[in-house]
1. Here's a check for you: in region 22-81, which residue that is polar (S, T, N, Q) and under 26 Å from Thr137 (Cα atoms) is surrounded by the most Cβ atoms within 10 Å (Cβ to Cβ)?
2. For region 12-44, give me each residue that is assigned to a strand (DSSP E or B) and either within 19 Å of Val203 (Cβ to Cβ) or in contact with a strand residue (DSSP E or B) (Cβ under 8 Å, 6 or more places away or on another chain) (or both).
3. Got a sec? Which helices (runs of 4 or more DSSP H) wholly within region 307-382 have at least 2 residues that are in contact with a strand residue (DSSP E or B) (Cβ under 6 Å, 6 or more places away or on another chain)?
4. Considering each of Val194, Val199, Val146 in turn, give the residue that is over 17 Å from the mean Cα position of the chain (by Cα) and crowded, with 21+ Cβ neighbours inside 10 Å.
5. Out of the residues in region 223-269 meeting the condition of being part of a loop (DSSP other than H, G, I, E, B) and polar (S, T, N, Q), tell me which one is surrounded by the most Cβ atoms within 10 Å (Cβ to Cβ).
6. Regarding Ala168, is this residue touching a strand residue (DSSP E or B) at 6+ places or on another chain (Cβ under 6 Å) and either surrounded by fewer than 19 Cβ atoms within 10 Å (Cβ to Cβ) or assigned to a loop (DSSP other than H, G, I, E, B) (or both)?
7. Look at Tyr395 and say whether it is assigned by TED's automatic domain parsing to the domain that holds Asn296, among the aromatic types (Phe, Trp, Tyr) and out of contact with any Cys (no Cβ under 6 Å at 6 or more places or on another chain).
8. Yes or no: region 239-247 includes at least one residue that is assigned by TED's automatic domain parsing to the domain that holds Thr19, modelled with pLDDT of 95 or more, of a type in the set (Gly, Ala, Ser) and on the phi > 0 side of the Ramachandran plot.
Amino acid sequence: MSKNNTVIIGYDAVSPLGTNLETQWERASNGESGIGRLTRFPLRDNFPVLVSGEVPETDVSNYPFLSPRALAQWPSPIFKHAMLTVHRALTTSGLEITPKIAPRVAITFSSAVGGQDAVINADRLLNAKNKLPHPATNPNSCINMVGGKISILTKATGPITSTITACATGSTSIIMGSMLIHQKMADVAICGAVDFSLVEPIVAGFATMNGAYSCWDEDLSEEPEEVSRPFSQNRKGFVVSEGSGAIIIASREFAKAHGLAHQFEVAGWGMSSDAYHHVAPNPETVSRCMQEAIENAGLNPADIDVINAHAASTKVGDQVEYDALKSVFGKQTPPVSANKSMIGHAMGASSAIETIFGLEGMKRGLILPTINYDPDPKIDLDCVSEGIRGKDQEYLLKNAFGFGGCNACLVIKRTN
């Protein structure tokens, strides 16, 4: 069996479904969508993207560290939401990071895109008004500054690193945190990811690379909530969204010694590089990543009860994930839940948020549905399209695949 010794003691998320985890779960359980009209910036004529997954306005009045004054130099929303979800996850865990514990608390929380919005806004001001950038512009754009701000907030002084693997960043963060604990470099790790990528040139860039769901005219012929449709025959690309997910992990010994309750452990993981194409996935290395995660957990494919898919809604990506699943599981592929059907694609934060949805499903004995599902004859999967389904789950496989061929798969075990 696996020698992994990492338990999950707390987690929290914000997503297009809401800023309270219970609200998000309730809406997801009902098959609701968080996708709507794109409102984060004024749309130019013939702008190709009209829909997005936007996080609702968050009430942070009870958090002094998120006051307007505290955030004055941190205008990029990644900082506000990263610190909020980490703070709430730590509160849920019951862990107090004292000066004695702090050197053994690692931070792997990261971002795929970072605060590029700050640099873009500074560039526009420089060109339009010859106004020099705010002194905090560059720090806002440094991806590692997300972890830095979390360190300052929590007073954690253990190892810190920014794990950037595009759309797999959230999952890789959990893996790296687990590795630090396994190597006895830390007792606790603050993991997760945040991305708020609804920035005009970034969104437009996803459209021109034929990744994002696009409408090359001013009319949207479909309802926004219907356009994110993983594994469906009429899928037309992912919906760019935003969000943050924080997961606190610890060694089993540390959790026991400090009276920290847990229901889950990180049982196994796999990582691979496609060495193939900058965006198109490689079926062979994607399959191997899944297989290695299962083997690392000391399991066989038949032991997996449910799969939380990457499933971004792209033609090629969804097909490759299906082919890889069939390669690993054969005709016995477990039920598959594709959360991006409801929340869109929050870049690096997606796998963190989706892992949290998977944890909630395991705790409740429920599998979230894949909405907007229209079966593709080339993809024969049980996507739980009828609505939420009751199922006892001991093991979950979480898939995440990022641009550049960065693959990260997790096996989560329910411990009680």
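The values are calculated or read from the model by the stated rules, or taken from the named source; none is laboratory data. Since the structure is predicted, the reported quantities are computational estimates derived from the model, not experimental observations. Methodologically, a virtual Cβ is constructed for each residue, glycine included, from the backbone with ideal geometry; neighbour enumeration extends over all protein chains shown.
1. Ser76
2. Asp12, Ala13, Val14, Ser15, Ile35, Gly36, Arg37
3. 348-364
4. Only one candidate qualifies: Val199.
5. So in region 223-269, the residues part of a loop (DSSP other than H, G, I, E, B) come out as 223, 227-231, 233-237, 239, 258-263.
Then drop every residue that is not polar (S, T, N, Q), which leaves 228, 233-234, 263.
Details: Ser228: 33, Gln233: 13, Asn234: 12, Gln263: 14.
By that ranking, first place goes to Ser228.
6. Values: touching a strand residue (DSSP E or B) at 6+ places or on another chain (Cβ under 6 Å): yes; either surrounded by fewer than 19 Cβ atoms within 10 Å (Cβ to Cβ) or assigned to a loop (DSSP other than H, G, I, E, B) (or both): no.
Here the answer is no, as Ala168 does not meet what is asked.
7. Working: assigned by TED's automatic domain parsing to the domain that holds Asn296: yes; among the aromatic types (Phe, Trp, Tyr): yes; out of contact with any Cys (no Cβ under 6 Å at 6 or more places or on another chain): yes.
Considered against the rule, which asks whether it is assigned by TED's automatic domain parsing to the domain that holds Asn296, among the aromatic types (Phe, Trp, Tyr) and out of contact with any Cys (no Cβ under 6 Å at 6 or more places or on another chain), Tyr395 comes out as yes.
8. Yes, the conditions are met somewhere in region 239-247.
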